[in-house]
Amino acid sequence: MKIVGVIGGMGPKATIDFLDKVVSSTSAKRDQDHIKMIVYMNPQIPDRTEAICGEGDSPLEALVDSARLLEKAGADFIVIPCVTAHFWLKEIQESVAIPIINLVKIVLNKIKKERKNAKNIGILATTGVIQARIFNDILESEGLNVIIPDNEIQTHCVMNGIYETKRGVTPEKTKQLFLRAYSHLTSKKADVILEACTEIPLVIADKDIQTLLIDVNKALAEETVRRARELN
């Protein structure tokens, strides 16, 4: 069984949600059946969206340091339960010899497997993810149509909801912001919606809306378990 390295803290609750989903995705009858994980919870990594939008310090140095720490600690591969951080995935990967799982490719494979007829993919993510086209390019290369929120919805609903969740505002108070954004995307004919920020699944579950949701934290957790159990 391989050892998983986790670059966490972006944000802390999203990391804990990811770890919980790793445990829930593992078929185990006893403690010893679960996978080994080395978790580096580093909430001091600079804000990813602010950096992409030119409003804050780059997180690259902190991300690279985190990856190297996990490699040195004995991790066989690394996962990053933060979508926006994948903007720097190439540079982080070049800094270590062990592989880093590409969350964006995992999500694409999940769409192709679970919703083969989907054409319109709605994305709820940070403004950094949208501005950097982290999902757009790979989805559009597969012939899929990407739908993003209008600026007002993105700013007042999605980003406010994400940052309020990071601040610890209760889900009951942020849920309506995200539900408004979901309704907006479905009105634009999205037939699949990506919870493409790891804070969003802390607030919204499948039962809250009718359109098919893809929880990126859950998708990453499932792939993490699969990779950890692969033979060397």
Seminar exercise, completed: Screening Ala62, Ala28, Ala75 for residues that are at negative phi and outside any loop (DSSP other than H, G, I, E, B) leaves only Ala62
Problem set entry | Residue list for the stretch 118-132, filter: over 19 Å from the mean Cα position of the chain (by Cα) and not in a loop (DSSP other than H, G, I, E, B) | Asn120
Exercise. Say we look at the stretch 33-46 and pick out the residues that are modelled with pLDDT of 95 or more and either in contact with a Gly (Cβ under 7 Å, 6 or more places away or on another chain) or in a helix (DSSP H, G or I) (or both); which of these is surrounded by the most Cβ atoms within 10 Å (Cβ to Cβ)?
Worked result: Ile45
Problem set entry | From the options Ile35, Ile7, residue that is closer than 23 Å to Arg226 by Cα, within 16 Å of the chain's Cα centre (by Cα) and either among the hydrophobic types (A, V, I, L, M, F, W, C) or not assigned by TED's automatic domain parsing to the domain that holds Pro171 (or both) | Ile7
Exercise. Can Thr155 be described as crowded, with 22+ Cβ neighbours inside 10 Å and out of contact with any strand residue (DSSP E or B) (no Cβ under 8 Å at 6 or more places or on another chain)?
Worked result: no
For this session: Select from the stretch 133-150 the residues that are farther than 14 Å from Lys188 by Cα and either more than 17 Å from the chain's Cα centre (by Cα) or in a loop (DSSP other than H, G, I, E, B) (or both) and list them in ascending order.
Result: Arg133, Ile134, Phe135, Glu140, Ser141, Glu142, Gly143, Leu144
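The values are calculated or read from the model by the stated rules, or taken from the named source; none is laboratory data. These numbers were taken from a predicted model, which means no experiment stands behind them. Cβ: placed from backbone, ideal geometry, glycine included. Neighbour counts: every protein chain shown.
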